[in-house]
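Notes for the one structure printed next.
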């Protein structure tokens, strides 16, 4: 007689790490293909957050046999969002200061003329990074994750009823 041992894996770290790793890979690919810093690349990472968090809530609800509350499903998505955002924020800071900050990137720093513009272009590149970091990495990804968690929790909630029992 074979016994099956089910290992209960916490889904929040699994999906949070998967979402963050996919976004990190996209960041590196965009950097290597000289697309880093363009607006459409930020939409790709936001799409990964949206789809990833929705899948995590659906999987969480399925793992609990459709008997989860809306609040617990939402909290699962929110925790996944916060973990993925934290990991991506740490990666973005390290990537910027180790790779882009040292050599400069053609999308962040424009060509300069003369010695007087070197400092102003460096400061402009740093300001542009911080705007991108706060706006995209933190705000947009958290907003997309919260939206995805909210939508998935409402759509896939347990015991949905459209009519009252008579």
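Just a few scattered comments:
- With neighbours defined as other Cβ atoms within 10 Å of a residue's Cβ, the residues 99, 53, 48 order from fewest to most as 99, 48, 53.
- Residue-span extension gain [residue 82 to residue 29] - 0.36 nm each, minus C-alpha spacing: 16.7 nm
- Fully extending the segment from residue 18 to residue 94 would add 25.5 nm, taking 0.36 nm per residue of separation and subtracting the current Cα-Cα distance.
- Exposure proxy shown here: for 11, 154, 88, the number of other Cβ atoms within 10 Å sets the order, fewest to most, as 154, 11, 88.
- Straightening the chain between residue 127 and residue 38 buys 30.5 nm, computed as 0.36 nm per residue apart minus the Cα-Cα spacing.
Here, each number is a calculation from the coordinates, and none is a lab measurement. Since we're looking at a predicted model, the values are computed, not measured. Counting neighbours? That spans all protein chains shown, and the Cβs are built from the backbone with ideal geometry, glycine included.
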